[in-house]
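Shown next, in structure tokens, is the structure this report addresses.
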């Protein structure tokens, strides 16, 4: 199907001025942290990433947010955890470039679709990625950049059979994995059908649904552009059968254009590590 999508010409990025810089506690390869980053970029907000890497303890993150999952933002004296809660907070606090458009019914539909994306693209793609992690090089490469080599080597040395056991432990048997893959294929095909008719998922302008679907799809295929602080050999890699599927070219072309329009290139503005910085993660 030939896409009839049209995109608004790219505008010069001008970060919004506010008295302090938002801090984002994150894991660079977390798809839900990427959702928060894309929303922050879309709104033109300045923020500093604080990487949460495997190690000892989560005391700082637990102390400031009362829980251990990323993403978490700190905006002045306000702490917000969970990517959806972050989106709602940012849209209310910084109403320029709204994440919801239209009347109450349209906003409600956008909310429902965002919830679908979290539980479909978000959850199902992670399950499919677990199946793909039998690839030893991919397994060690997805660890954060601060992970000591000894841990990377240990992860690479895990036998493939153990990943089958891990999958069974989280309710992901081979039969269940097949069902999840088939379901994700159906939903990716449906998204491609929509994108063949409209430039964005809910019409002619981007909403929270577009940012959510685009960001969460990084687990399916990592963006190739200069957006993530990851090894260059990881960019463009993804789940076999999805990332390299010709049927989904329209989807990844749409995502690439959306990223080119709104996602800022990676700039290392992270503070130096400290003894109190959180050093292990749980991804929401």
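The values are calculated or read from the model by the stated rules, or taken from the named source; none is laboratory data. These numbers come from a predicted model, not from an experiment. All Cβ positions, glycine included, derive from the backbone under ideal geometry; neighbour counts span all protein chains shown.
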**Request:** Considering each of 92, 105 in turn, give the residue that is surrounded by fewer than 15 Cβ atoms within 10 Å (Cβ to Cβ), assigned to a helix (DSSP H, G or I), under 22 Å from the mean Cα position of the chain (by Cα) and free of Cβ contacts under 8 Å to residues at least 60 places away in the same chain.
**Result:** 92
**Request:** Residue by residue through segment 234-252, note down the ones that are within 17 Å of the chain's Cα centre (by Cα), surrounded by fewer than 20 Cβ atoms within 10 Å (Cβ to Cβ) and either free of Cβ contacts under 8 Å to residues at least 12 places away in the same chain or outside any loop (DSSP other than H, G, I, E, B) (or both).
**Result:** 234
**Request:** Inspect all residues belonging to segment 215-228 and state whether any of them is in contact with a helix residue (DSSP H, G or I) (Cβ under 9 Å, 6 or more places away or on another chain), assigned to a loop (DSSP other than H, G, I, E, B), at positive phi and touching a residue at least 40 places away in the same chain (Cβ under 8 Å).
**Result:** no
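Would you mind stating whether residue 158 is at pLDDT below 50 and outside any helix (DSSP H, G or I)?
Working: at pLDDT below 50: yes; outside any helix (DSSP H, G or I): yes.
Spelling it out, residue 158 is indeed at pLDDT below 50 and outside any helix (DSSP H, G or I).
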**Asked** Out of (1) buried (at least 19 other Cβ atoms within 10 Å of the Cβ); (2) more than 19 Å from the chain's Cα centre (by Cα); (3) modelled with pLDDT of 95 or more, the odd one out for residue 263 is which?
**Response** (2)
**Prompt:** Considering only segment 47-73, how many residues are modelled with pLDDT of 95 or more and either more than 17 Å from the chain's Cα centre (by Cα) or surrounded by fewer than 19 Cβ atoms within 10 Å (Cβ to Cβ) (or both)?
**Reply:** 1
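Take segment 74-89 and flag every residue that is on the phi > 0 side of the Ramachandran plot and more than 20 Å from the chain's Cα centre (by Cα).
Step one: of segment 74-89, the residues on the phi > 0 side of the Ramachandran plot are 76, 82.
76, the sole residue that qualifies.
Looking only at segment 173-211, count every residue that is part of a loop (DSSP other than H, G, I, E, B) and within 20 Å of the chain's Cα centre (by Cα) and tell me the total. Before the answer, list the steps.
Taking segment 173-211 and keeping what is part of a loop (DSSP other than H, G, I, E, B), we get 173, 196-199, 201-202, 204-207.
Going one step further and asking which of them are within 20 Å of the chain's Cα centre (by Cα), we end up with 201-202, 206-207.
Qualifying residue count, segment 173-211: 4.
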**Request:** Would you check if residue 63 is within 24 Å of residue 255 (Cα to Cα), free of Cβ contacts under 8 Å to residues at least 12 places away in the same chain, assigned to a helix (DSSP H, G or I) and out of contact with any helix residue (DSSP H, G or I) (no Cβ under 9 Å at 6 or more places or on another chain)?
**Result:** no
**Conditions (1) modelled with pLDDT under 95; (2) surrounded by fewer than 21 Cβ atoms within 10 Å (Cβ to Cβ): number failed by residue 256** = (1)
